[in-house]
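Structure, as structure tokens:
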Amino acid sequence: MENPCLTYVTPTLLAGDRSLANVIAHEIAHSWMGNLVTNRTWEHFWLNEGHTVYLERMIGARMFKEPFRQFAAMGGWKDLHDSVKTMGETSVLTNLVPNLNEVDPDDAFSSVPYEKGFALLYHLEQLLGGSDVFMGFIKAYIQRFAFNSVTTDDWKTFLYLYFDDKVAVLNKIDWNAWFHTPGMPPVHVKFDSTLADACIALCQRWSKAKESDLGSFSATDIKEMSSHQLIEFLALLLLEDPLPVTHVQRMQAVYNFNAINNAEIRFRWLRLCLQAHWDDAVPLALRMATEQGRMKFTRPLFRDLYNFTKCRNETVSKYKEYKPNMHPITAMLVGKDLKVELSEE
């Protein structure tokens, strides 16, 4: 979590290969987007997070080249799809600028302001001349609104002023659809898939494999994959129908994902196992859901554990045991997912 001139980080970022440094980049970027320039109300939260994700991925491009930024953006698009699916395609909380009248902003928390916001900024980048041109706008926006709080209208007005020679392009954008319409963005943003192609191919092999095909998989399948690609591979599988338990058992036998401590890989792997209803994954998932406090891990794991009917009672019991140690927002949202009434807690 970022604070002015001070960032708190979690041990779950210690992956051993610096592959999760993007989170550090994100929190540092908040020094400008969120602290120096702040959203005026929570309806405009995307101004904080969408811009911060944009800067985070620009930093990633400087560190690992442009294909990495494209690859990360593809992963973010899938996270957005998952949030929209979970919250409902018609939920107003999937609006980029939601109406939060009589709504607790904590209830609205999801990847929407992060990834829908990034998608809009990336779409604008492509329309207005590329990343170098758009970074000029980002810098000017920060200078214009430094030490101030802003709304989406403030941002849009300044966008038009900065790109006064491209008003015709901006006028073609369906702003109402981007800001005030629920669901996925009105434009399906395209990203370069160079680094994702191997992940997509392996995902398709597993999702289409029959029992008789399982012997064709081996450790060499992932030998040349980076940590980021393993994360993507597992994320893609989570978008498919749940695998049979025999498939995840074979995956463990050849890839040994249980031995990997990278939290992003472990999180997606355990979700895959839970959705396949593999009993062996339950204690591992309960441990990960309770030994760290990041809502991005804890809430989906508890949700998947709850949906695994045979371990529902154990899941609720474990939640009640660890609830006093959770962040209040995480505890409240997980409790809602687990249908735990306030009177029961």
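Which ones in the stretch 122-167 are under 23 Å from TRP42 (Cα atoms), within 27 Å of the chain's Cα centre (by Cα) and among the hydroxyl-bearing types (Ser, Thr, Tyr)? Hits for the stretch 122-167 are TYR122, TYR141, SER149, THR151, THR152.
Against the condition open to solvent by 30 Å² or more (accessible area, probe 1.4 Å) and under 22 Å from GLY75 (Cα atoms), how does SER226 come out, does it pass? Give the derivation first.
On the way: open to solvent by 30 Å² or more (accessible area, probe 1.4 Å): yes; under 22 Å from GLY75 (Cα atoms): yes.
Yes: the conditions hold for SER226.
Whether any residue in the stretch 183-204 is farther than 18 Å from TRP77 by Cβ and open to solvent by 70 Å² or more (accessible area, probe 1.4 Å) is what I want to check. No. Filtered by the rule that a residue be over 20 Å from PHE109 (Cβ atoms) and of a type in the set (S, T, N, Q), the stretch 291-308 gives a lone residue, ASN307. The C-beta contact set for the stretch 21-46 (first residue in contact (Cβ under 8 Å) with a residue 24 or more places away in the chain and assigned to a strand (DSSP E or B), second residue of a type outside the set (Ser, Thr, Tyr) and open to solvent by 30 Å² or more (accessible area, probe 1.4 Å), distance under 6 angstrom, 6+ apart or interchain) comprises ASN39/PHE45.
Look at (1) under 23 Å from the mean Cα position of the chain (by Cα); (2) loosely packed, with under 15 Cβ neighbours inside 10 Å; (3) more than 20 Å from HIS228 (Cα to Cα) and you find that THR290 fails only one, number (2).
Residues in the stretch 293-345 that are within 21 Å of ASN258 (Cβ to Cβ), part of a helix (DSSP H, G or I), of a type outside the set (S, T, N, Q) and open to solvent by less than 30 Å² (accessible area, probe 1.4 Å): PHE297, PRO300, LEU301, PHE302, ASP304, LEU305, CYS311. Among the residues of the stretch 136-176, the one identified as in a loop (DSSP other than H, G, I, E, B) and among the polar types (S, T, N, Q) is THR151.
Here is a list of conditions, (1) buried (at least 19 other Cβ atoms within 10 Å of the Cβ); (2) under 21 Å from PHE267 (Cα atoms); (3) of a type outside the set (Asp, Glu), and PHE217 meets all of them except one; can you say which number that is? If we test PHE217 against (1) buried (at least 19 other Cβ atoms within 10 Å of the Cβ); (2) under 21 Å from PHE267 (Cα atoms); (3) of a type outside the set (Asp, Glu), just (2) comes out false.
Okay, residues lined up against (1) within 25 Å of LEU120 (Cα to Cα); (2) over 20 Å from the mean Cα position of the chain (by Cα); (3) assigned to a helix (DSSP H, G or I); (4) touching a residue at least 60 places away in the same chain (Cβ under 8 Å):
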site: THR194; (1), (2), (3), (4): yes, yes, no, yes
site: ALA198; (1), (2), (3), (4): no, yes, yes, no
site: ALA201; (1), (2), (3), (4): no, yes, yes, no
site: LEU230; (1), (2), (3), (4): no, no, yes, no
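Would you be able to tell me the number of residues in the stretch 230-251 that are open to solvent by 30 Å² or more (accessible area, probe 1.4 Å) and not basic (Lys, Arg)?
Taking the stretch 230-251 as the starting set, the residues that turn out to be open to solvent by 30 Å² or more (accessible area, probe 1.4 Å) are 238-242, 244-246, 249-250.
Then drop every residue that is not not basic (Lys, Arg), which leaves 238-242, 244-246, 249.
Summing the residues that are open to solvent by 30 Å² or more (accessible area, probe 1.4 Å) and not basic (Lys, Arg) in the stretch 230-251 gives 9.
Taking first residues from the stretch 245-271 that are part of a helix (DSSP H, G or I) and partners that are of a type in the set (Gly, Ala, Ser) and open to solvent by less than 30 Å² (accessible area, probe 1.4 Å), the Cβ contacts under 6 Å between residues at least 6 apart in sequence or on separate chains come to VAL245/ALA276; VAL248/ALA276; ARG268/ALA235; LEU270/ALA281; LEU270/ALA285. In the stretch 114-121 there is no residue matching the filter, namely being assigned to a loop (DSSP other than H, G, I, E, B), open to solvent by less than 20 Å² (accessible area, probe 1.4 Å) and not aromatic (Phe, Trp, Tyr).
The values are calculated or read from the model by the stated rules, or taken from the named source; none is laboratory data. Remember, it's a predicted structure, so these values are computed and weren't measured experimentally. Every residue, glycine as well, gets a Cβ built from its backbone with ideal geometry; the counts of neighbours run over all protein chains shown. All accessible areas refer to the heavy atoms of the entire protein, side chains included, with ligands and DNA or RNA removed. Shrake-Rupley method; radii C 1.70, N 1.55, O 1.52, S 1.80 Å.
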